[in-house]
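The values are calculated or read from the model by the stated rules, or taken from the named source; none is laboratory data. Bear in mind that the values here come from a model prediction, so they are computed numbers and not experimental data. Cβ placement follows ideal geometry from the backbone for every residue including glycine, while neighbour counts extend to all protein chains displayed. Surface accessibility is based on the protein's heavy atoms, side chains included, excluding ligands, DNA and RNA. Shrake-Rupley method; radii C 1.70, N 1.55, O 1.52, S 1.80 Å.
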Amino acid sequence: MKIHAAVLCAPKEPFRIETLDLDDPHAGEVLVKIAAVGICHSDWHLVSGATKHPMPVIAGHEGAGVVQAVGQGVTGVKVGDHVVLSWAPACGHCFYCLRDRPNLCETYTGPIWNGTMLDGTTRHTLNGKALYTYCGLAAFATHTVVPRQSCVVIRKDVPLESACLVGCAATVLLSSELAPPD
């Protein structure tokens, strides 16, 4: 499908609004129409070059939207659901997840920082060239494909403009407040 996204091709360059191709979700993945996105200092670090990440990249990791399609084997999320996107998905069965440290999930950490899906490929392309996703979400786009574990279903009466912030800013603030003392 054709979508629009803000693409960053290199640090210290402006974002470019581009028309892209987006593949359908593969097994275990979800297509989301983005309704609202926040802008975080982490996105700015991509622009400044402080965070090293494969480029060209679609930034945005504070997103909320509506599920448009699900890939094979997806459960717990269905077309029409409102979701907040999480940049820190957890598999639930790796070494860290089994020890109550899902923020260190071995399954997702590598692909997220490589800008790819679990299979090492991307779903967004520009003129046939792969575009990477920031934090596995690419929320600076009209639509994105994410792992099912990145979708947190919310009530439909929650404003998506507020809900998008829960995916990063509110989560980080809450986790720092709730973290046990060192």
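Of all residues in region 59-72, those satisfying the criterion of being over 19 Å from Val166 (Cα atoms) and either open to solvent by 60 Å² or more (accessible area, probe 1.4 Å) or modelled with pLDDT under 95 (or both) are Gln68, Gln72.
Is region 1-19 home to any residue that is closer than 15 Å to Cys135 by Cβ, among the aliphatic types (A, V, I, L, M), buried (at least 18 other Cβ atoms within 10 Å of the Cβ) and free of Cβ contacts under 8 Å to residues at least 60 places away in the same chain? Yes - at least one qualifying residue is present in region 1-19. Inclusion of Thr75 among residues that are modelled with pLDDT of 95 or more and not in a strand (DSSP E or B) is warranted. Look at (1) open to solvent by less than 50 Å² (accessible area, probe 1.4 Å); (2) in contact with a helix residue (DSSP H, G or I) (Cβ under 6 Å, 6 or more places away or on another chain) and you find that Leu22 fails only one, number (2).
Residues that are closer than 25 Å to Thr125 by Cβ, polar (S, T, N, Q) and either in contact (Cβ under 8 Å) with a residue 24 or more places away in the chain or in contact with a Cys (Cβ under 8 Å, 6 or more places away or on another chain) (or both) within region 42-55 comprise just one, Ser42. Summed over region 152-182, residues that are surrounded by fewer than 11 Cβ atoms within 10 Å (Cβ to Cβ) and either in contact with a strand residue (DSSP E or B) (Cβ under 9 Å, 6 or more places away or on another chain) or modelled with pLDDT of 90 or more (or both) total 3. Within region 26-41, residues that are modelled with pLDDT of 95 or more sit with their Cβ atoms under 9 Å from residues that are part of a strand (DSSP E or B) and open to solvent by 70 Å² or more (accessible area, probe 1.4 Å), at 6+ positions apart or across chains, in these pairs: Val30/Gln68; Leu31/Gln68; Val32/Gln68; Lys33/Gln68.
Of the strands (runs of 3 or more DSSP E) lying entirely inside region 92-151, those containing at least 1 residues that are β-branched (Val, Ile, Thr), touching an Asp or Glu at 6+ places or on another chain (Cβ under 6 Å) and crowded, with 17+ Cβ neighbours inside 10 Å are 143-147. The set of residues in region 7-42 that are touching a strand residue (DSSP E or B) at 6+ places or on another chain (Cβ under 9 Å) and farther than 30 Å from Thr75 by Cα comprises Val7, Leu8, Cys9, Pro14, Phe15, Arg16, Ile17, Glu18, Thr19.
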